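Enquirer: Questions regarding the structure given below will be posed in turn.
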Amino acid sequence: MTIDEYSFETRLLHNQHKWDPATGAVSVPIQHASTFHQFDVDTFGKYDYARSSNPTREALEEIIAELEGGVKGFAFSSGMAAISTAFLLLSAGDHVVITEDVYGGTYRMVTEVLSRLGIEYTFVDMTELNEVKQAIQPNTKLLYVETPSNPTLKVTDIRAITQLAKEHNALTFVDNTFLSPALQKPLELGADVVLHSATKFLSGHSDVVAGLAVVKDEALAKRLYFLQNSFGAILGVQDAWLVLRGLKTLHVRLEQSQKSALKLAQFLESHPLVKNVYYPGLETHPQYALQQSQANGPGAVLSFELSDAAALKTFHAHVKIPVFAVSLGGVETILSYPAKMSHAAMPREEREKRGITDGLVRLSVGLENPDDLIKDFNQAFEKVRNNELVLQRGE
Ligand SMILES: *Cc1c(COP(=O)(O)O)cnc(C)c1O
């Protein structure tokens with residue numbers, strides 16, 4: 001059996017970096033050197049300066065490339081650094097069609113930075129293929145997908161989008177942060193570049209900020225390498241090591257969190273105080289079948305909607321187990337408030353059009369016993385209900 005015959009979870013541990021060839025160390029050595037001695041004036045060694053290449057970062061880049069089924073991976077100092085650097089493949093005068101419920105930081109980058117550099121954009125609901133078709137212009141060079149989307153978990157048909165992009169000689173980027181290659185492999189579905197905030201599920205312990213990009217084409221790999229080295233937003237070696245360590249448990253973490261997420265979604269769906277539950281693992285989700293056809297699971301992030309901001313405040317004041325924070329994909333359950341957190345950069349009107357109301361809560365399910373979370377939520381919902389009864393009596 002060769003490495004490529006191993007299943008995904010085995011490859012997380014037994015890949016080309018399972019041990020260090022020099023010492024046998026069963027953990028990738030952290031190489032701090034910023035520069036490397038050259039033994040020959042005429043031919044330099046593999047490494048010269050650490051922005052260009054560094055063995056610790058390279059190990060992470062090779063492993064993520066292999067896990068995503070690409071030819072080359074790139075590690076950046078944050079997810080936004082990976083995304084921004086990939087956008088630099090575009091030039092002034094180019095146009096991008098981008099999913100309307102894209103990550104808030106990406107929205108800000110496109111609307112407030114790239115726009116100044118002459119890169120045009122159109123936001124569309126990517127679940128509507130016709131809208132995407134209509135948005136394509138002669139200068140469209142990129143279709144930008146995030147699926148499932150944040151925070152309303154809408155699912156975009158990756159195969160259909162990449163097909164459309166190819167017909168128009170455009171590239172497709174997919175932000176795969178929510179599912180990771182454990183559940184979804186965009187390159188195999190036709191995408192050109194996969195992007196990650198490795199801050200989330202890939203590292204998994206809420207202790208590092210990192211970004212990754214993977215491409216499947218050698219020519220594109222050369223262009224992206226040139227940009228990584230030119231722009232210089234590379235990942236530091238300590239952080240690269242933390243991502244490498246997190247990756248080893250990616251599969252078990254996601255599998256457990258996903259199981260709990262489904263249980264919570266079903267509980268929330270049946271609760272009278274919850275107006276809406278957004279989770280592609282529920283059969284009631286409009287793209288349930290599509291999600292099953294392009295991914296190995298719905299992931300561990302879901303959102304639900306309470307009646308309004310007041311209900312949300314009461315819920316937040318009484319719920320005990322989840323961390324209330326931005327971010328997702330950690331071992332601990334993270335509750336976040338998109339209107340004030342991930343989508344604070346988005347104008348209110350734009351936000352509400354996308355279903356990101358003041359009562360919307362996003363939940364990234366961690367490794368706690370799901371029954372503890374359900375009990376905790378139940379007691380907090382009880383407080384919300386009591387408050388609403390008091391208000392009604394007051395009227
Ligand atoms: C967090 C996140 C990003 C940005 O990544 P950083 O590591 O915070 O820079 C991009 N896309 C998605 C979907 C995210 O959740």
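A short reminder: the numbers here are calculations on the coordinates, not readings from a lab. Keep in mind the model is a prediction, meaning the values are calculated, not measured. Every residue, glycine among them, receives a Cβ derived from its backbone with ideal geometry; neighbour counts consider all protein chains shown.
Enquirer: Around Ile234, with a cut-off of 9 angstrom between Cβ atoms, what is the net charge of the other residues, counting Lys and Arg +1 and Asp and Glu -1?
Expert: On the way: positive: Arg51, Arg57; negative: none.
Local charge sum for Ile234: +2.
Enquirer: Here's something else I'd like to know. Mean residue ellipticity at 222 nm from the helices of the chain, using -39,500 (n - 2.57) per DSSP H segment of n ≥ 4 over the full residue count, to the nearest 500 deg cm²/dmol?
Expert: Working: 13 runs with 143 residues, N = 395.
Helix-only estimate at 222 nm: -11000 deg cm²/dmol.
Enquirer: Also, quick follow-up: From the convex hull of the Cα coordinates of the chain, what is the mean projected area in square nanometres? Walk me through the numbers before you get to the answer.
Expert: Details: hull surface 86.9 nm².
Spelled out: convex hull of the Cα atoms, projected over all directions, averaged, 21.7 nm².
Enquirer: Given 0.36 nm per residue, what is the gain on full extension from Gln38 to Arg108 after removing their alpha carbon distance, in nm? Could you put the intermediate results ahead of the total?
Expert: Numbers: separation 70, 0.36 × 70 = 25.20 nm, distance 4.27 nm.
Contour length minus Cα-Cα distance gives 20.9 nm.
Enquirer: Taking the Cβ of each residue in Phe377, Phe201, Phe324 as the centre, tally the other Cβ atoms inside 10 Å and list the residues starting with the fewest. Could the numbers behind the result be given before it?
Expert: Numbers: Phe377 25, Phe201 29, Phe324 12.
Least to most surrounded, the residues fall as Phe324, Phe377, Phe201.
Enquirer: Compute the helix-to-body angle for 237-248: its Cα long axis versus the longest principal axis of the chain, expressed 0 to 90° and rounded to tens.
Expert: 60 degrees
Enquirer: Right, here's the next one. By average Cβ neighbour count within 10 Å, what is the ranking of 115-127, 204-216 from highest down? Spell out each step's value before the answer.
Expert: Working: 115-127: 16.9, 204-216: 22.9.
The peptides rank, most packed first, as 204-216, 115-127.
Enquirer: Here is a further query. Using the basic label-point model (7 angstrom from Cα toward the beta carbon), what is the Val71 to Ala289 distance in nanometres?
Expert: So the label points at Val71 and Ala289 sit 3.7 nm apart.
Enquirer: Ordered by residue, what ³J(HN,Hα) values in Hz, to whole numbers, does the range 74-89 give under the Karplus form 6.51 cos²θ - 1.76 cosθ + 1.60, where θ = phi - 60° and Gly and Pro are x?
Expert: Listing the rounded values in order: 9, 10, 10, 6, 6, x, 5, 5, 5, 5, 5, 5, 5, 4, 5, 5 Hz.
Enquirer: May I pose another question? Measure out, as a whole number of angstrom, how far apart the alpha-carbon centroids of the range 102-179 and the range 263-281 sit.
Expert: After rounding, the separation between the Cα centres reads 28 Å.
Enquirer: Further question: Using a Förster radius of 22 Å, what is the FRET efficiency between Asn15 and Glu255 based on their Cβ-Cβ separation? Nearest 0.05, please. Before the final figure, lay out the partial values.
Expert: Numbers: r = 19 Å, r/R0 = 0.87.
After rounding to 0.05, the efficiency reads 0.70.
Enquirer: Figure the gain on full extension for Glu188 and Lys133 (residue separation times 0.36 nm, minus the Cα-Cα span) and round it to one decimal in nm.
Expert: Values: separation 55, 0.36 × 55 = 19.80 nm, distance 2.22 nm.
Answer, rounded to one decimal: 17.6 nm.
Enquirer: Let me ask another. Residue by residue through the range 312-323, what is 3J(HN,Hα) from phi via Karplus (6.51 cos²θ - 1.76 cosθ + 1.60, θ = phi - 60°)? Round to whole Hz and write x for glycine and proline.
Expert: 4, 5, 5, 4, 4, 5, 10, 6, 10, 6, x, 6
Enquirer: Once label points are set 7 Å from the Cα along Cα→Cβ at both Asp308 and Lys383, what is their separation, rounded to one decimal in nm?
Expert: If labels sit at Asp308 and Lys383, their model points lie 2.0 nm apart.
Enquirer: While we're here: To the nearest 0.05, what FRET efficiency results for Ala344 and Met1 with a Förster distance of 45 Å applied to their C-beta separation? Intermediate results must be reported in sequence, preceding the final value.
Expert: Numbers: r = 49 Å, r/R0 = 1.09.
After rounding to 0.05, the efficiency reads 0.35.
Enquirer: Using each residue's phi in the range 191-197, evaluate 6.51 cos²θ - 1.76 cosθ + 1.60 at θ = phi - 60° and report the 3J(HN,Hα) Karplus result to the nearest Hz, with x for Gly and Pro.
Expert: Once θ is set to phi - 60°, the couplings for the range 191-197 become 5, 9, 9, 9, 10, 9, 8 Hz.
Enquirer: Mind ordering 263-275, 181-193 by average Cβ neighbours within 10 Å, highest first? Before the final figure, lay out each step's value.
Expert: Details: 263-275: 16.8, 181-193: 23.8.
Sorting 263-275, 181-193 by mean packing, highest first, produces 181-193, 263-275.
Enquirer: Here is a further query. Could you work out the local net charge near Val132, counting Lys and Arg as +1, Asp and Glu as -1, over the other residues with Cβ closer than 15 Å to its Cβ? Could you put the intermediate results ahead of the total?
Expert: Values: positive: Lys133, Lys141, Lys154, Arg159, Lys166; negative: Glu100, Asp101, Asp125, Glu128, Glu131, Glu146, Asp157, Glu167.
Net local charge, Val132 excluded: -3.
Enquirer: Shape verdict for the range 252-385, please, from the Cα gyration tensor: rounded (a/c under 1.5), prolate (a/b greater than b/c) or oblate. Intermediate results must be reported in sequence, preceding the final value.
Expert: On the way: a/c = 1.45, a/b = 1.13, b/c = 1.28.
Judged from the Cα gyration tensor, the range 252-385 comes out rounded (a/c under 1.5).
Enquirer: So, one more: Efficiency by 1/(1 + (r/R0)^6): what FRET value for Ala160 and Ser115, r their Cβ-Cβ distance, R0 = 41 Å, to the nearest 0.05? The partial results should precede the final answer.
Expert: Numbers: r = 27 Å, r/R0 = 0.67.
With R0 = 41 Å, the Cβ-Cβ based efficiency is 0.90.
Enquirer: What's the ranking of 106-114, 361-369 by average number of surrounding C-beta atoms within 10 Å, highest first?
Expert: Values: 106-114: 17.6, 361-369: 21.8.
Going from most to least packed, we get 361-369, 106-114.
Enquirer: Distance between Cα centroids, the range 204-218 to the range 1-65: provide it in whole Å.
Expert: 16 Å
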